[in-house]
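Asks: Please find one structure pasted underneath; my questions will follow.
The values are calculated or read from the model by the stated rules, or taken from the named source; none is laboratory data. Just so you know, these numbers come straight off a predicted model, no measurement behind them. FYI the Cβ positions are ideal-geometry reconstructions off the backbone, even for glycines, and counts take in every protein chain you see.
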Amino acid sequence: MKENISKNKVWQIVGVSVLCAVLVLGAVLGVVFGMNHSSEDLNVSKDMSGQDGLVISQEVSKGITLLSGVATTAADGTTTKTITATVEPAGANVHDPLSWEVAFKDPSSTWANGKNVSDYVTISVSSDTLTCTVTCKQAFGEQIVLNVSSKTKNATASANVDYVKRVTNYLFKVRSEDGDEFEFNLSDAEQADERGESVGVVYGSATTRVPTYTFSWTFTYSTGTTEGDSYIETTSQKRFNNGEVLQFDEQSGLPTSDGIGFQLYYNGQALSRIIIDIIEPVRSISVGNLVF
């Protein structure tokens, strides 16, 4: 009769391989993860200047509606947006020019105290006063308000001007349902890339055939007034939010046969590439009359 020796079986091992490329533009950087892939293969831009940091949203409208155009970035790094005002009824401002101004929402705040708003945001008004070009010179840490008014018609509108914080570093963590975990940051990824090694592994469950894993991340930011949305997305466009629990099998839609590729997005732009390799270990080993 065979003698069975019980041992804890690790049903899955998640390995994260890393190829890191540091993308530096001022305070902005990106990291590309993957195994034997260039950033061009992964559709991750090396130029982060296109990231839209300037956000303008209408807050108050009384007889004037504001419409924000698409942001453009100049060679010197300044970002501009054109704001168009529509006064009701149509043509009401023919003999009543509009007045535009910008100011810190809270000029006495810790960040804004002692600073001039014109060092960060300036405006240029068209001759008919219906359009205003907002230029962001540099990142700012206190919300700015754009006000427009018509004196004789008693019409006003205002918009909040925000600067989306940009990512300067990150901490990515993978944790199994049994509590095994690893985490890595930009420096870890760089070192792993230089050595040609995987960044780390996390073991699955000793009892569960298809264990679960929690993927989470935190960012270190530069100056700004608001944070962008972040998520990871598979090559098949399955999207997962920070802290979601994943299973890797056919039923979950995350099959393990060829590895799984994710891209980490922040503020609508791909920051990094993560390759997940699933290792399915041998279920048992027979040596003579012993079965492990």
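Asks: If I ask for residues that are closer than 16 Å to Ala270 by Cβ and hydroxyl-bearing (Ser, Thr, Tyr), which ones from region 233-256 would you list?
Replies: Hits for region 233-256 are Thr234, Thr235, Ser236.
Asks: Something else about it: Can you name the condition, by its number, that Val291 falls short on among (1) β-branched (Val, Ile, Thr); (2) more than 30 Å from Val55 (Cβ to Cβ); (3) at pLDDT 85 or above?
Replies: (3)
Asks: Follow-up question, since we're still on this one. Six or more apart or on different chains, Cβ atoms under 8 Å: show the pairs whose first residue is in region 247-275 and at pLDDT below 70 and whose second is part of a strand (DSSP E or B) and not small (Gly, Ala, Ser).
Replies: Thr256/Ile278; Gly259/Ile275; Gly259/Ile276; Gly259/Asp277; Gly259/Ile278
Asks: Any chance region 198-219 includes a residue that's in contact with a Gly (Cβ under 8 Å, 6 or more places away or on another chain) and of a type in the set (A, V, I, L, M)?
Replies: yes
Asks: Further question: Do we find a residue being within 21 Å of Asn185 (Cα to Cα), in contact with a helix residue (DSSP H, G or I) (Cβ under 6 Å, 6 or more places away or on another chain) and of a type outside the set (Asp, Glu) anywhere in region 199-222?
Replies: First, the residues of region 199-222 that are within 21 Å of Asn185 (Cα to Cα): 199-203, 213-222.
Those left that are additionally in contact with a helix residue (DSSP H, G or I) (Cβ under 6 Å, 6 or more places away or on another chain): 199.
When the remaining residues are screened for being of a type outside the set (Asp, Glu), the result is 199.
So far as region 199-222 goes, yes, one or more of its residues are within 21 Å of Asn185 (Cα to Cα), in contact with a helix residue (DSSP H, G or I) (Cβ under 6 Å, 6 or more places away or on another chain) and of a type outside the set (Asp, Glu).
Asks: Across region 145-161, what is the number of residues that are crowded, with 19+ Cβ neighbours inside 10 Å and either under 19 Å from Val70 (Cβ atoms) or out of contact with any strand residue (DSSP E or B) (no Cβ under 8 Å at 6 or more places or on another chain) (or both)?
Replies: 3
Asks: Checking Asp128 against (1) under 14 Å from Ser158 (Cβ atoms); (2) exposed (fewer than 13 other Cβ atoms within 10 Å of the Cβ); (3) not aromatic (Phe, Trp, Tyr): exactly one of these is not met. Which one?
Replies: (1)
Asks: Filter region 56-84 down to residues that are among the hydrophobic types (A, V, I, L, M, F, W, C) and over 12 Å from Leu146 (Cα atoms) and give me whichever is surrounded by the most Cβ atoms within 10 Å (Cβ to Cβ).
Replies: In the first step, residues of region 56-84 are kept if they are among the hydrophobic types (A, V, I, L, M, F, W, C); the result is 56, 60, 64, 66-67, 70-71, 74-75, 83.
Next, from what is left, pick out any that are over 12 Å from Leu146 (Cα atoms): 64, 67, 70-71, 74-75.
Values: Ile64: 23, Leu67: 12, Val70: 8, Ala71: 18, Ala74: 10, Ala75: 6.
If we take residues in region 56-84 being among the hydrophobic types (A, V, I, L, M, F, W, C) and over 12 Å from Leu146 (Cα atoms), then Ile64 is surrounded by the most Cβ atoms within 10 Å (Cβ to Cβ).
Asks: Right, next: Does at least one position in region 179-202 carry a residue that is in contact (Cβ under 8 Å) with a residue 40 or more places away in the chain, polar (S, T, N, Q) and not in a strand (DSSP E or B)?
Replies: No, region 179-202 contains no residue that is in contact (Cβ under 8 Å) with a residue 40 or more places away in the chain, polar (S, T, N, Q) and not in a strand (DSSP E or B).
Asks: Quick one: count up the residues across region 87-109 that are at pLDDT 90 or above and more than 18 Å from Gln143 (Cα to Cα).
Replies: Going residue by residue through region 87-109, those that are at pLDDT 90 or above are 98-109.
If we keep only those that are more than 18 Å from Gln143 (Cα to Cα) as well, we get 98-99.
Residues that pass the stated criteria total 2.
Asks: Can you find even one residue in region 211-223 that is part of a loop (DSSP other than H, G, I, E, B) and within 26 Å of Arg166 (Cα to Cα)? Lay out the reasoning, then the answer.
Replies: Going residue by residue through region 211-223, those that are part of a loop (DSSP other than H, G, I, E, B) are 211, 222-223.
Still in the list and also within 26 Å of Arg166 (Cα to Cα): 222-223.
Yes, region 211-223 has at least one match.
Asks: Please specify each residue of region 111-143 satisfying the condition of being touching a residue at least 60 places away in the same chain (Cβ under 8 Å) and under 13 Å from Trp100 (Cα atoms).
Replies: Selection gives Val134 alone.
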